[in-house]
Amino acid sequence: MEDFSAVSSIRRRVLVVEDELINREILGAILSNDYDVDYAVNGQEAWDLIKEKGGSYYSLLLLDLLMPVLSGSELLDMLRKEPEFSALPVIVMTADRAAEVKSIRQGAMDFIAKPYDMPEVILARCERIIRLCEDSKIISSTERDPVTGLYCREYFFEYVRRMDAIRNDIARDALVLDIDHFNLINDMYGRSVGDNVLRRVADAIREVFRGLRVIAGRLEGDAFYVYCPHDEENPDRIRKVQELAGSLEGDLRVRLRAGIYPNADMSIEPEARFDRAKNACDRIRGDYISEIASYDRELHQKSVYNEKLIRDMDAAMSRGDFKVYYQPKYNITGDRPYLSSAEALVRWIHPELGMISPGVFIPLFEQNGLIQKIDNYVWNLAAAQIKIWREKYGITIPVSVNMSRIDVFDPHLELKLRQILQDNGIAEKDLMLEITESAYSDNAQKVTEVTENLRSRGFRIEMDDFGTGYSSLNMITDIPIDVLKLDMKFVRNIEKNEKSRKLVDLILGIAKCLRVPVVAEGVETASQMDILRDMGCQIIQGYYFSRPVPPEEFEELIKKEVENK
Ligand code: C2E
Ligand code: CA
Ligand code: CA
């Protein structure tokens, strides 16, 4: 363990800036027992020395005010303007009371009167100022994000609260700026480039909002929060930040999305106000036309609706309002398509709101971790269903279940899955796991590690929504998967659009290279199916064969299959 008391016994360095030799000698005699002392004979010499040594080299500056070349107060000004040196503590030395006051205003921490006081007094003052500054540095190192110098989460909201407490009669805006695909920037260009991007955004915010009494913080990695007085010009300011931060050298272009909650409701917690700004910001994720969105009435209604869903979820779970539907997948390689497997898709039959699509509540529950409960529930039901059908019809229909990002990070994932299989007496290969492609591109290493392990235990992994997740080609070849699911947006345009067809061809080529079959999702017509078959796609899922249906209806499809055999 590091002994922290050792820190206080380190000899600090003090710089004495004084043009008169006799004064330098007196101070040297007083200080050199306790400190390493350097000397400069005027402000310019001191400035050069400080610049050469760096901002944290000296623990204290003893500064004479009247000197040739560059005076003490000129040096003070220069130091305060330079962020690297602005925290360097300065004690001024003067015989002139008025000058003392002025220099304290300029940022000096204390003064020593000339002619010099008793040595003990001078030493005590030096020691006190050094300690004070070091303590406040410790505080500010946790207060501020080390990369950008902006506030960290706790302090950001703490200062927002303080600002509200001082003046709660001023209308304010909550702004959130978010870097698009920041993880990808980190992965592709490395962490130090990622850090540069973050600093660049922070600098742009500082520059644009300079002098406007704002509080700015970096939260959650790549989200920047700004709390500022309400102003019609704030959207323009955001655009300016986007412009300044977006122009990076090389092939890296940084895109910043922003959400504004104007005239924020002061009666709700600051966190909730910024959630709303974030909500607006999230609404334009993946939208390449708008770069700023406002929290408006429509969003407000949506967030009220979402809050209701979150509140209702637990009760719905215990009442059994969540149902699992099944959609068949057909193998089309032979003369006649045959039922090869199914996908389990959850539905919420809400007593007041009716049937709610998972497209609505899944993304919502992914944000707050509730999704894990739903997923576990679905996995259990799906496994039980496989067993029921096997007992009833003598065939095993493998069922794919969807996994959320958060499931992948669950350290008990494998255990949970094994337990489910054991409870129902089914094999690993029959409960297939769909993981969306974007989960891989967000955190390739972790997801690869988890899926590799699951595969070694006999599970089969399907990469879902392929073509939407921005994977790089070299990543794909390293990822362990068993099936590729072509995203339905490619299928939708396959008849009309030459480009779509080319893309599908490319993806089928990749799959061939990886030696994995492709499932095409969202196939609604016979001609879509025919085109896909001609291009070499093996498995089809979509309304053409069947919508996702309750288990009773799915049984009809199984019966047909059994009869045809
Ligand atoms: P997904 O995994 O990509 O599922 C396919 C979606 O496409 C389903 O929407 C399905 O109903 C729909 N679909 C299938 N065939 C066609 C077609 O021919 N045309 C059209 N237009 N759509 C078709 P659904 O059931 O609304 O699910 C939406 C998404 O919700 C799913 O996308 C999946 O990401 C998520 N989801 C559903 N159930 C679960 C679950 O139990 N757990 C998790 N984590 N996510 C789930
Ligand atoms: Ca899926
Ligand atoms: Ca999909």
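The values are calculated or read from the model by the stated rules, or taken from the named source; none is laboratory data. Not measured: the values here are computed from a predicted model. Glycine also receives a Cβ, built like all others from the backbone with ideal geometry; neighbour counts cover every protein chain displayed. Surface accessibility is based on the protein's heavy atoms, side chains included, excluding ligands, DNA and RNA. Shrake-Rupley method; radii C 1.70, N 1.55, O 1.52, S 1.80 Å.
Brief remarks follow.
- Under 25 Å from Lys302, Cα to Cα: lysines that are on another chain or at least 8 residues apart: Lys278, Lys323, Lys373
- Comparing Cα centroids, region 81-155 and region 418-473 end up 56 angstrom apart.
- Loop-located chymotrypsin sites (Phe, Trp or Tyr not before Pro) across region 520-565 with a Cβ neighbour count of 14 or fewer within 10 Å are Tyr543, with loop assigned by DSSP.
- Spatially proximal lysines relative to Lys496 (Cα-Cα < 22 Å; intrachain offsets below 8 disregarded): Lys485
- Vicinal HN-Hα couplings computed from phi for region 43-56 (Karplus, 6.51 cos²θ - 1.76 cosθ + 1.60; Hz; Gly/Pro x): x, 5, 4, 4, 4, 4, 5, 5, 5, 5, 7, x, x, 10
- For region 328-564, alpha-carbon Rg over 2.2 N^0.38 Å: 1.00
- In degrees, nearest ten, helix 119-143 long axis to first principal axis of the chain (Cα): 10 degrees
- Pairwise Cα distances in region 153-295 exceed 26 Å in 20 percent of cases.
- The equivalent ellipsoid that matches the C-alpha gyration tensor of region 30-187 spans semi-axes of 37, 20, 16 angstrom, in descending order.
- Restricting attention to region 4-142, lysine pairs at least eight places apart or on different chains and with alpha-carbon atoms under 21 angstrom apart total 7.
- Compared with the dominant principal axis of the Cα atoms in the chain, helix 153-166 is inclined by about 60°.
- Cα-based helix-to-principal-axis angle, 234-246 vs the chain, degrees rounded to 10: 90 degrees
- Hz values of 3J(HN,Hα) by residue in region 288-303 - Karplus curve (6.51, -1.76, 1.60), Gly and Pro given as x: 8, 9, 8, 10, 9, 10, 9, 7, 10, 4, 4, 5, 4, 4, 5, 6
- Directionally averaged shadow of the chain, computed from the convex hull of its alpha-carbon atoms, nm²: 34.5 nm²
- Once C-alpha pairs closer than 8 Å and six or more residues apart are averaged by separation and normalised to the residue number of region 153-295, the relative contact order reads 32 percent.
- Within region 175-226, the trypsin sites (Lys or Arg not before Pro) that combine a DSSP coil assignment with at most 10 other C-beta atoms in a 10 angstrom radius are Arg210.
- Hz values of 3J(HN,Hα) by residue in region 374-388 - Karplus curve (6.51, -1.76, 1.60), Gly and Pro given as x: 4, 4, 4, 4, 5, 4, 4, 5, 5, 5, 4, 5, 4, 5, 4
- Computed over protein heavy atoms with a 1.4 Å probe, the accessible surface of the chain works out to 50 Å² per residue.
- Here region 427-565 is treated as an ellipsoid with the same Cα gyration tensor; its semi-axes, largest first and in whole Å, are 26, 22, 12.
- Annotation note: GluC sites (Glu not before Pro) in region 247-317 located in DSSP loop regions with a Cβ neighbour count of at most 15 within 10 Å are Glu249.
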